[in-house]
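The values are calculated or read from the model by the stated rules, or taken from the named source; none is laboratory data. The structure displayed is predicted, hence computed values, not measured ones. Don't worry about glycine lacking a Cβ; one is built from the backbone with ideal geometry, like all the others, and counts go over all protein chains shown.
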Amino acid sequence: MKEYKSLVFDYNNMMKDFVGEKEGFSEKELKNNFDIAVNAHKTFEENRGLNMLGWTELPYNQKGIVKHIKTVAKRIRKADAFVVLGIGGSALGTNALFKSLCHLHHNELKKSKRKAPKLYVEDNIDPVRMKELLDVLDLDKTIFNVISKSGSTSETMSQFLIIYKMLKDLYGENAKDHIIATTDEKNGNLIKIAKEEDLETFFIPDGVGGRFSVISPVGLLPAAVLGIDINELLKGCIHMDKMCRKPNLKNPALIFGLLQYLSMQKGKNISVIMPYSDNLKLIADWYCQLWAESLGKKLDLKNNIVHTGQTPVGALGVTDQHSQIQLYTEGPFDKVITLIGVKNFKETVEIPHMFSEYPSVNFLSGNTLNDLITNERIATEYALTKNQRLNNSIVLEEINAHTIGQLLMFFMIQTAYVGAMLNIDTFNQPGVEEGKNATYALFGRKGYESKLEELKSAKQKSDKYII
Ligand code: PA5
């Protein structure tokens, strides 16, 4: 049987021994607060598979779905392009899988090399983006996957209307062959339209919110179309899930969660996630949504006003060493920085011997870019620690479907733990409703008349503050 290496979570640099008395945590402090972690773990385990924790079972309960996804994906793989129409949790997971597990220039490769369609994830409604996407697509050879759990997200549904009208005008009855819908089985408009139009449809199961849906058909279908081994991805999730079954010091998501929670109590309001790998860049974006939308809440479960949350920031190593690290090493003590490293990159690039007369250039010769990126990560970790900055690191043995599954599950479980520690609803997003409703009102949508009145009677902007 294949042996899998677990990701390694290293929190030395969160401890007093390393970052000093003032900033760091002592073992005693962790021990004294450990019941917070134990309670969060208990809440998580007791609710596993229930309510909005339905996603915890996705690695285990999708055998039939995975089979169906693979059959459909095999057909789609012949297409020239696969376009995801979705936003937020319906797009970010696919982006993360695409970037981490495919060639970094997948779309530019010849079809014979990429062996899969080009992928476009359209998660904005910028009119220029829509027009210019259409400039590069050959609609004859393109399949669109419209993804919306609610089936009513304005951005996604407007994209769908534009594309479907175009397809209908071109192909009439056959337009449906170019569209796959991924949505809730019972609720929302998209499922109704999908039924009326007889679209191929995948369902987002109950208890799976957008930002926890990457391992449902939302992320699995595009991944399978790209040729990613989705069985391995799910096995990686199971591997991590098993590591998190006990409330002890060996549960990496629980320790990381507790440290983040305690850091928040000490005013560390920013969580920086900094992978040292271009492949992992969009995992950082996915994490940012997961962390922000899940933990940024006004009310706790008892309706007390708490205004919790930690602002997530994505950074890329080494690129952002030349942009953000100055702030992280010398600016305010308000961050926890998580570096993500890769032990074995899939490629090795040697730095040639040249210009021996210039020692400040020549010292690089004979090494590899692999050594350089790894040493720069270690050096950054050292510099942060020397400046008493709370930091920790996650190291993947290599990037493959299994380790990415581990990483995604690690962050999702950790987020659920921290939500439980904060005693908030991790799975809702009431803060985005106000803006959505105001948009509906501005469009004159039926049922939003009083919201429009409210908008009209809102304080008008003053010219004196406009230059
Ligand atoms: O995490 C979430 O729930 C959100 O970010 C949603 O994914 C996003 O708003 C899109 O929603 P829907 O899939 O219903 O179109």
Report task. Please enumerate the residues belonging to region 198-210 that are away from the ligand (no atom under 12 Å from the Cβ) and either under 13 Å from G54 (Cβ atoms) or outside any strand (DSSP E or B) (or both). Result -> D198, L199, F203, P205, D206, G207
Query - Residue that is farthest from the ligand (Cβ to nearest atom) [pool: residues in region 166-197 that are under 20 Å from V83 (Cβ atoms) and of a type in the set (D, E)] - result: D169
Query - Neighbours by Cβ (under 6 Å, 6+ apart or cross-chain): first from region 426-447, part of a helix (DSSP H, G or I); second among the hydroxyl-bearing types (S, T, Y) and at pLDDT 90 or above - result: Y440/Y448; A441/Y448
Requested in this report: Could you run through region 211-261 and say how many residues are in a helix (DSSP H, G or I) and in contact with a helix residue (DSSP H, G or I) (Cβ under 7 Å, 6 or more places away or on another chain)?
Outcome: 33
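Residues checked against (1) assigned by TED's automatic domain parsing to the domain that holds D334; (2) crowded, with 18+ Cβ neighbours inside 10 Å:
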residue: V19; (1), (2): yes, yes
residue: S26; (1), (2): yes, no
residue: P59; (1), (2): no, yes
residue: Q62; (1), (2): no, yes
residue: H68; (1), (2): no, no
residue: T94; (1), (2): no, yes
residue: S100; (1), (2): no, yes
residue: H105; (1), (2): no, no
residue: S112; (1), (2): no, no
Query raised in the report: Taking the stated definitions as given, is G309 buried (at least 18 other Cβ atoms within 10 Å of the Cβ) and assigned to a loop (DSSP other than H, G, I, E, B)?
Result: yes
Query - Candidate set: region 146-156, residues that are touching a residue at least 60 places away in the same chain (Cβ under 8 Å) and either away from the ligand (no atom under 15 Å from the Cβ) or part of a loop (DSSP other than H, G, I, E, B) (or both); chosen: the one surrounded by the fewest Cβ atoms within 10 Å (Cβ to Cβ) - result: T153
Query raised in the report: Scanning for something crowded, with 22+ Cβ neighbours inside 10 Å, touching a residue at least 24 places away in the same chain (Cβ under 8 Å) and within 22 Å of L408 (Cβ to Cβ), does region 320-332 turn up at least one residue?
Result: no
Report summary line: Inside region 349-373, the number of residues satisfying the requirement of being in a loop (DSSP other than H, G, I, E, B) and either touching a residue at least 12 places away in the same chain (Cβ under 8 Å) or aliphatic (A, V, I, L, M) (or both) is 9
Query raised in the report: Is it the case that region 352-369 has a residue that's β-branched (V, I, T) and either within 26 Å of L408 (Cβ to Cβ) or touching a helix residue (DSSP H, G or I) at 6+ places or on another chain (Cβ under 8 Å) (or both)?
Result: no
Report summary line: Checked region 276-293 for anything crowded, with 24+ Cβ neighbours inside 10 Å and closer than 18 Å to S90 by Cβ; matches are I283, W286, Y287, L290
Report task. Run down I87, I143, I76 and say which single residue is aliphatic (A, V, I, L, M) and within 16 Å of the ligand (Cβ to nearest atom). Result -> I87
